[in-house]
Amino acid sequence: MVILLKRESSADKLMSELIPTEVIEKRIYLFRGHKVMLDSDLGELYEVELRALIQAVKRNNDRFPPDFMFQLNYQEVAALRSQFVISKTTRGGRRYLPYVFTEQGVAMLSSVLNSNRAIQVNIAIMRAFVKLREILISHKDLSLKLEQIERAVERHDADIQLIFDAIRQLMTPPEPKKRKIGFLREE
């Protein structure tokens, strides 16, 4: 009896074992209206030294326009530090402001790095960006439906208030008619 086992390809194994989508999703931030990833996070995922990654980008600077990659300013870095993402420079951390890459920049980065690992990591990152986009679309649909319900309720609020007022009037007993004391004179 021969039993055939399905073997996973090395690419599938890399994707499932090393880079779960949740790990990548936690490393996607929102800066200046763009979903971006930090250069240090990308270096870690691609298993490339940060200086080598930045060096490869600078050698191919024409491939990274401002909508693919930009450098954070001091306020944005301070916001990251408050979330414990970047260490302080006094403790041996970064000496310059970090770069961030948009979805298109990440795709371009994989072509600059040109390794099997970069290709596999890039595929995983693209899937994470797509998943986030799908989640955002579903949230927009839900928020639109909620707004429609709120508008419908607002229109009916006045009608519902009138119904409650009518019910309250029916529930209160009418005041008994008072008889006048004394005699009534007939004419």
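Every number here is computed from the coordinates shown, using simple stated rules; none is lab data. In this text, all values refer to a predicted model and were calculated from it rather than measured experimentally. Neighbour counts run over all protein chains shown; Cβ positions are idealised from the backbone, glycine included.
Arranged from highest to lowest average of other beta-carbon atoms within 10 Å per residue, in what order do the peptides 160-167, 47-54 appear?
Packing order, densest peptide first, comes out as 47-54, 160-167.
In nm, to one decimal, how far is the ILE119 label point from the ILE149 one, both placed 7 Å along Cα→Cβ?
4.8 nm
Rank-order 59-65, 136-142, 96-102 by packing density, defined as the average count of other C-beta atoms within 10 Å over each peptide's residues, highest first.
So the order, starting with the most tightly packed, is 96-102, 59-65, 136-142.
Tell me, what HN-Hα J-couplings in whole Hz come from the Karplus equation 6.51 cos²θ - 1.76 cosθ + 1.60 at θ = phi - 60° for each residue of the stretch 135-150, using x for Gly and Pro?
Whole-Hz 3J(HN,Hα) from phi for the stretch 135-150: 5, 4, 5, 5, 5, 5, 4, 5, 5, 5, 5, 5, 4, 4, 5, 4.
Taking square-rooted eigenvalues a ≥ b ≥ c of the alpha carbon gyration tensor, is the stretch 137-187 rounded, prolate or oblate, where a/c under 1.5 means rounded and, failing that, a/b exceeding b/c means prolate? Intermediate values should be presented prior to the final figure.
Details: a/c = 12.57, a/b = 6.15, b/c = 2.04.
Because a/c hits 1.5 or more and a/b exceeds b/c, the stretch 137-187 counts as prolate.
5 Å is the cut-off here: which amide hydrogens, built 1.01 Å from N in the peptide plane, fall below it relative to ARG94, excluding neighbours closer than 5 in sequence?
When sequence neighbours closer than 5 places are left aside, the close amide H contacts are SER87.
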